Amino acid sequence: MIPIWKNIPYLRVLLPLIAGILCGWYFSLHWQVAVIAAIVALPVYLYLQFSGERSKYYNSWINGVAFNIIFIAFGIALSWLKQTPHQSNWAGHYYKDGDVVQLRLLEPLSEREKTYKALSEITVVYRNQKARKVTGKAMIYFRKDSIAPVLQYGDIILVSSNLQEIKNAGNPGGFDYKRYALFNGITHQFFVKSSEYKKLPQQQTSFFYKTMFQLRSYILQTIRKHVKGDMEQSIAEALLIGYRDDLDRDLVQAYSNTGVVHIIAVSGMHLGLIYGLLMFLFKRFNRNKRMKIIRAILVIALLWLFSLLTGASASVLRAVIMFTVIVGAEVIDRKGNIYNSMAASAVALLFFNPFLLWDVGFQLSYAAVLSIVLFMKPIYHWIAIQNKSLDWLWKLNALTLSAQILTLPLCMYHFHQAPTLFLITNLIAVPLSSLVLFALIFLMIISPITILANATGWLITKLLWLMNQFILWADHFRFAVIDGIQHSPIQTILLYAIIATAGIWLIEKNKPALRWLLGSIVCFFAVQSFYRYQTIQQQKLVVYNLSQHTAIDFMLGNQYYFAGDSVLLQDGFLRNFHLKPSRIAHRTYHQPNTVIPGIRSWQLNGKTIVHINRSYRYDSTTNINADVVIISQNPKLYLNQLQKTINCKLLVFDSSNPQWKLKYWKADCQKLGINFFCTSEQGAFVMNL
């Protein structure tokens, strides 16, 4: 291992730092624990550094342990201190319902279907005419039918509506939005009517951010003026500056299914293209040392400007830091180590925000670069092609194939799918998208020249139309994507073990690696068999938390049976976002069936489940013993009457019922001594049958 530490010294910092961040988050370790650990380890490490060579040699393992403890402690401290709720003046410590809150808008309003949304900073909480300065971030949603979007970045407003903590829907396998928001420093949200806020005359803006927002606005206006077609405009916006609010959901799904979604998520590929363009434009700045320094400053400045303009996602920041290192190394005539540059950029990003470790873009970005560095040359050398054009095509395929090797396990873990046509789609989409990116940059430069701008916009529109049509055509094939994959963290680790041992065996011709490869494969399928056995044995009832809708699944073995609103069978977004993750998590595969209206009951494993919806009519002759009664769609129902006809152990109110009705029903349950569960407040109801 010593050569690795010598060649990649930042890896020695990165690994314990990651371990510390993970321990700090999952074990909720206080920063004081980190301080105690550092106080113990730091003197030992410093003592050994200044001791003689003989002492350092014999105590090298102690030196290594102390070094690792220091950075583990640093990771623990980062994970604690970077959490907004741990700050002493966090708004959540002081706010109470009825308080008035002062906010500063941190971005321009963005339009949604029913609201206008913006990120805001909580600065002051007012209670009984007393003000307290606080910190924190909140998403604020203005109802579309109640206000005109007259607010802008930097505006100061007073809000009287209640500050709400961000909560998850609580559906099995669902996206953990609460954690995602927390990792971005956002803990609360507002839903505001026009009568619940007041704009103050002052503004607090940053010249830099104001300029960035104005530049983004100019770019969006230019694209919308010269690029025709909603789909083409939305792809152009996403491709150039990462603006995704206008993207069509079905089109994004098609890009994802065909393995080219990275094109519409500004990433290292885009930054690499711009880096290549800048180096070409400034190639004459290579005559002497002074010109090289000027070129480096210009290239680095423009790369950072682009990264900030696009929102500075984890993958973009990774790329811009690495390109900064590469450009800097060229100035001083030093050849950089790509592995060390990757490790150094990861350390820098985790120092800035330790929670990027959970960011899917961060993980995929590093996995893709490492995969290309490790596997592209061996794959490219599989076939020797003399023809330059064919050789270029094969090189592009080798690049695409190599990038998939280490990113595929992450895609299967996070997105539960594996594209099968990625070689073909990337072969067409990557060159097309590169041309579009350069054309969009050219459009921004010549936009004041109407004739040139219109011609360039026409060309961009045609190229984007061609790319979209190709992706949609490829997505029509049933075999374009393997869907419904459910891998646990253990299985994902075993997949990486299989890849690593297979690579060592095939590339390094290492025979012991073959035994480890076979062992990893056996372990993977053993774990897979265990999960399959659990799936066959499962018998569950799931009542989902889905606002204004009824959705019930019976998970019986590896099949599910659906009872609920028929719209959920037609609306792909609602089904894929709310129901599909649960079905994948339970490893169930079956086409759903809708429930008939009125009252319906099921008997499974000696348990009776009754479903009552809006078609329910009271019948005094009914007499049912039920373990669970599910009430949905606001039926005309009095619980004291229900008690006379249905003897139930538990009432489940789903999220299709209005909040005002739930308030009365919960009060009646408490008076009558009936146990109840409310999905809108407690998340999905899950019961073993």
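Any read-out appearing in this document is the output of simple, stated calculations on the displayed coordinates, not a laboratory observation. Here the structure is a predicted model, which is why all the values come from computation and not from measurement. Note: ideal-geometry Cβ built from the backbone for every residue, glycine included; neighbour counts use all protein chains shown.
Structure notes:
- Prolate/oblate/rounded label for the range 379-465 (Cα gyration tensor, a/c 1.5): oblate
- Charge tally in the Cβ shell below 12 Å around ASN340, where Lys, Arg are +1 and Asp, Glu are -1, ASN340 excluded: +4
- With R₀ fixed at 30 Å, the C-beta to C-beta distance from ARG290 to ILE338 puts the FRET efficiency at about 0.60.
- Given charges at Cβ of Lys, Arg, Asp, Glu: the chain dipole, positive-most of TRP382, VAL430, MET322: MET322
- Residues LEU452 and ASN647, FRET efficiency given R0 of 51 Å [Cβ-Cβ distance, rounded to 0.05]: 0.05
- Overall form of the range 91-205 per C-alpha gyration tensor (a/c, 1.5; a/b vs b/c): oblate
- Positive-end residue of LEU466, HIS586, ILE493, charge dipole of the chain with Cβ unit charges: ILE493
- The angle separating the long axis of helix 60-81 from the principal Cα axis of greatest extent in the chain is about 50 degrees.
- The chymotrypsin sites (Phe, Trp or Tyr not before Pro) of the range 372-420 that meet both conditions, a loop assignment by DSSP and at most 13 other Cβ atoms within 10 Å of the site Cβ, are TRP382.
- At R0 = 41 Å, FRET efficiency that the Cβ-Cβ distance of ASN7 and SER547 yields, to 0.05: 0.15
- When the Cα gyration tensor is reduced to axis lengths a ≥ b ≥ c, the ratio a/c is 1.5 or higher for the range 166-310, and with a/b above b/c it is classed as prolate.
- Charge context of LEU396, other residues only, Cβ under 15 angstrom, K/R +1, D/E -1: +2
- The relative contact order of the chain comes to 10 percent, based on Cα pairs under 8 Å that sit 6 or more residues apart.
- Fewest-first ordering of VAL299, VAL35, VAL430 by other beta carbons within 10 Å of each residue's beta carbon gives VAL35, VAL430, VAL299.
- Computed about its Cα centre, the charge dipole of the chain is approximately 1020 debye, with only Lys, Arg, Asp and Glu carrying charge at their Cβ.
- Rounded to the nearest 5, the antiparallel percentage of DSSP beta bridges internal to the chain is 70%.
- Ordered by the count of other Cβ atoms within 10 Å of each Cβ, fewest first, LYS96, LYS167 give LYS96, LYS167.
- Our estimate of slack between LEU423 and SER88, defined as 0.36 nm per intervening residue step minus the Cα-Cα distance, is 115.4 nm.
- Label point distance in nm, TYR589-ARG179, each placed 7 Å from Cα along Cα→Cβ: 2.7
- Rough spin-label spacing in nm, given labels placed 7 Å along Cα→Cβ, for GLN670 and PHE577: 3.3
- The chain: angle of helix 338-352 to the longest principal axis, Cα-based, in degrees nearest 10: 50
- Theoretical ellipticity at 222 nm over the chain - DSSP helices of four or more residues, -39500 (n - 2.57) apiece, nearest 500: -17500 deg cm²/dmol
- Residue-span extension gain [ASN625 to HIS476] - 0.36 nm each, minus C-alpha spacing: 48.8 nm
- Legend: residue pairs LYS167/LYS462; LYS82/LYS661; LYS114/LYS666; LYS511/LYS580, Cα-Cα distance threshold 32 Å; pairs beyond threshold, LYS167/LYS462; LYS82/LYS661; LYS511/LYS580.
- Distance between modelled label sites at TYR218 and ASP483, nm, 7 Å Cα→Cβ extension: 4.3
- Other residues whose C-beta falls under 10 angstrom from the C-beta of GLN633 contribute a net charge of -1, scoring Lys and Arg +1 and Asp and Glu -1.
- Fully extended contour minus Cα-Cα distance, from ILE62 to GLN386, at 0.36 nm per residue: 111.1 nm
- Listed by chain and number, the lysines placed with their C-alpha closer than 26 angstrom to that of LYS388 are LYS283, LYS377; residues fewer than eight positions away on the same chain are left out.
- For the range 2-81, the relative contact order comes to 51 percent (Cα pairs under 8 Å, sequence separation of at least 6).
- Electrostatic dipole magnitude of the range 1-120 [Cβ: Lys, Arg +1; Asp, Glu -1; Cα centre; debye, to 20]: 320
- Ranking PHE142, PHE190, SER110 by how far each Cα lies toward the positive end of the dipole of the range 91-205 (charges on Cβ) leaves PHE190 at the top.
- Taking the C-alpha atoms only, the angle from helix 268-281 to the longest principal axis of the chain is near 30 degrees.
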